[in-house]
Amino acid sequence: MKKLALILIIMAVVLILSLYMKPKFETKEEKEITKETFITYPTPPEENNNQDKDKQEEKSLVSKIGIVEILAANIYQQGTHILREDQDNFILLESEGVDLNQYLLKKVKVSGSLSPTVEGGKQIMNVETVEPL
């Protein structure tokens, strides 16, 4: 029993000493390595990057047909209008270049890129063109 107590005391002393010992000072080389590890350099912009994005946007354009309605208070936190495809299905609409108010309560074909909404599990379209039907 005394041996066990002595071993526990020795282990406690070693633990306490290891916690309070000062850390080893870094050498000059170690400091340089540490500095370089945490410095990040910006990557140069690629010229073709914008062209690739334009091509992807052109490829991802979709068209939907429905009736444009104003977007009332909602949980989606996005969009200004909705395109009601039928009684139960709709997508949110937003546009910087097209005045969607001109098409309120009219059946139209909208074209643009779709993306998921932040909330509510719906889709939002960034409208690029509108064709009245």
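Data for the structure
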| item | result |
| --- | --- |
| Total lysine pairs whose alpha carbons fall under 16 Å of each other in region 56-132 (8 or more apart, or interchain) | 4 |
| Backbone HN-Hα couplings from phi across region 89-101 [Karplus 6.51/-1.76/1.60, Hz, Gly and Pro as x] | 10, 8, 10, 7, 10, 8, 7, 9, x, 10, 7, 6, 5 |
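Laboratory data are not the source of any read-out in this text; all were calculated from the coordinates shown. No experiment lies behind these values; they were computed from the predicted model shown.
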